[in-house]
Structures are given as C-alpha cells and as structure tokens.
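*Asks:* I'd like to ask you about the structure that follows.
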Amino acid sequence: MKNDIEKILFDESKILKKVQDLGLRISEDYKAKNPVLICILRGSVIFLSDLMKNISVPLEIDFFSLSSYGASTKSSGIVKIRKDIDTEITGRHVIVVEDIVDSGLTLKYIEEYLSKHNPSSIKICALLDKPKAHKTEIKIHYKGFEIGNEFVVGYGLDFAEKYRNLPYIGILKKEIYS
Ligand code: 5GP
C-alpha cells in the first residue's frame, strides 16, 4: 500500500497530537452535557475511537451511514441512508464526527436530517477539511487539519475500500485512480 502513496501529510504522532487537542476542547465544552458522538461510517471509525479516548466527560456513541463515493474520488452527490442512528437524540447535545469535509454537502444533509429530531445542539467535529472544495456554507466547530484539493487515504479513509488501515494520512498517487 505504501508504494501507492505520493506523500505522507500527517504521520501518527501528528494526528494523535491533534486528536488530543480536539478531545481536550470537547471535554471543556461538554462538562455535564453527556454528548452523543455520531460517527459517520466508515471513514471516521479510527478518528472516533481515538477521539473518544481523549474526551474525559461521560458520552455516548452512535453510528450513521450514507451512500459513499464507491470506487471514485468524486462526490456522487447526496445521498441514501444506509444506517440510521438508534439513539433518541431529542434534547441531547450531538457532536457529528466526520473524517473529511470536501464539498460539505454530506454534512449539510446530515445536519438537516438530525435537526429534525430536535436535539439541544449539533456541532461538527471533522479531522480534515478541504476549504477550497466547499459548495455550501458549513461550520466546523472542531477542526483538525485543512488540506488542499488532493485525494487522501489512511487513518480510516479509503479508496475503493482499500488503505483504511494505514496509520497515517497520505495523498494517493493519481495513477491509482485515473
Ligand atoms: P462531501 O459531501 O463533503 O463532498 O464529501 C464528504 C465525504 O467524501 C467524506 O466523508 C469522505 O467519505 C469522502 N471524501 C471526500 N474527500 C475525500 C478524500 O480526499 N479521501 C477520501 N478517502 N474520501 C474523501
């Protein structure tokens, strides 16, 4: 897999440091709020598991899944629910945990969908953001790193279901997907 990576953007220690910072901020902001962390499958699973270990207040987790890019690096557009949340989030403080924001359309959809359940609050925690790719206004309350419009894999992120288990985040060589 390593031969398919053009450049490592963030190694394990850099990611962990950032996740610890995010966990600290969330712990400060959610004292006595018992937040529900909603992990967007599948790319966010490693991020969720590292993040929750670094949050010191009680919390709950749940999972939500939408149709994905498939074996493509371009957004297929919105969207079909594959797995809905099981938690009753009415009156709860929700934090959506997302691997990467590209156009922002996925998160916009998720925010609007979850809002219908009348939670007390919804905030977004995203490890990676491609600000130049946004196609809608989206507020990321807890953000890890900003990157350019390159296609990245590793640390949960895939291309055609591969590379998720790389411990770092790297740019995938163009010849792999073009
Ligand atoms: P958006 O709706 O913001 O355009 O797309 C968000 C979703 O697209 C992410 O949750 C992720 O699944 C996928 N995605 C966007 N950019 C990348 C990327 O650079 N690498 C990978 N592996 N997935 C991406």
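*Asks:* For each pair in 33/80; 116/139; 53/139; 116/173, compute the distance between the two Cα atoms and list the pairs where it is over 29 Å.
*Replies:* Going by Cα-Cα distance, 33/80; 116/173 fall outside the 29 Å limit.
*Asks:* Which value, in debye to the nearest 20, gives the size of the charge dipole of the range 80-119 about its Cα centre, when Lys and Arg are +1 and Asp and Glu are -1 at the Cβ?
*Replies:* 140 debye
*Asks:* Stretched out fully, how many nm does the piece from residue 32 to residue 109 gain, at 0.36 nm a residue minus the Cα gap?
*Replies:* Stretched out fully, the residue 32 to residue 109 stretch lengthens by 24.9 nm.
*Asks:* Something else now. Take every DSSP beta bridge whose two residues both sit in the chain, then give the antiparallel share in percent to the nearest 5.
*Replies:* Here the antiparallel bridges make up roughly 30 percent for the chain.
*Asks:* Label residue 6 and residue 161 with points 7 Å out from Cα along Cα→Cβ: what is the distance between them in nm?
*Replies:* Taking the simple label geometry, residue 6 and residue 161 are separated by 2.6 nm.
*Asks:* Counting only residues 5 or more places away or on other chains, whose amide H sits under 5 Å from the amide H of residue 144 once H atoms are built in the peptide plane?
*Replies:* Close amide H contacts, sequence-distant or interchain: 126, 127, 128.
*Asks:* Continuing with the same structure: Between residue 149 and residue 173, what length comes free when the chain is fully extended (0.36 nm per residue of separation minus the Cα-Cα distance, one decimal in nm)?
*Replies:* Here the answer is 7.3 nm.
*Asks:* Between residue 80 and residue 139, what length comes free when the chain is fully extended (0.36 nm per residue of separation minus the Cα-Cα distance, one decimal in nm)?
*Replies:* Extra length available between residue 80 and residue 139 comes to 19.0 nm.
*Asks:* Ok, one more. So, for the chain, what is the accessible surface per residue at a probe of 1.4 Å, expressed in square angstrom?
*Replies:* Solvent-accessible surface per residue comes out at 50 Å².
*Asks:* Between the helical axis of 105-115 and the dominant principal axis of the chain, each derived from Cα atoms, what acute angle in degrees is found, rounded to the nearest 10?
*Replies:* Taking Cα atoms only, the helix is inclined about 10 degrees.
*Asks:* With a 1.4 Å probe and all protein chains left in place, how much of the accessible area of the chain comes from carbon and sulfur atoms, in whole percent?
*Replies:* Answer for the chain is 49 percent, counting heavy atoms of protein chains only.
*Asks:* Mean residue ellipticity at 222 nm from the helices of the chain, using -39,500 (n - 2.57) per DSSP H segment of n ≥ 4 over the full residue count, to the nearest 500 deg cm²/dmol?
*Replies:* Roughly -7000 deg cm²/dmol at 222 nm, from the helical runs in the chain.
*Asks:* Size of the dipole of the chain about the Cα centre, Lys and Arg at +1 and Asp and Glu at -1 on the beta carbon, nothing else charged, in debye to 20?
*Replies:* Dipole magnitude for the chain comes out near 180 debye.
The values are calculated or read from the model by the stated rules, or taken from the named source; none is laboratory data. This is a predicted model, so every value here is computed, not measured. Quick reminder, even Gly has a Cβ in these numbers, built from the backbone with ideal geometry, and neighbours come from all protein chains shown. Calculation scope for accessible area: heavy atoms of the full protein, side chains included, ligands and nucleic acids excluded. Shrake-Rupley method; radii C 1.70, N 1.55, O 1.52, S 1.80 Å.
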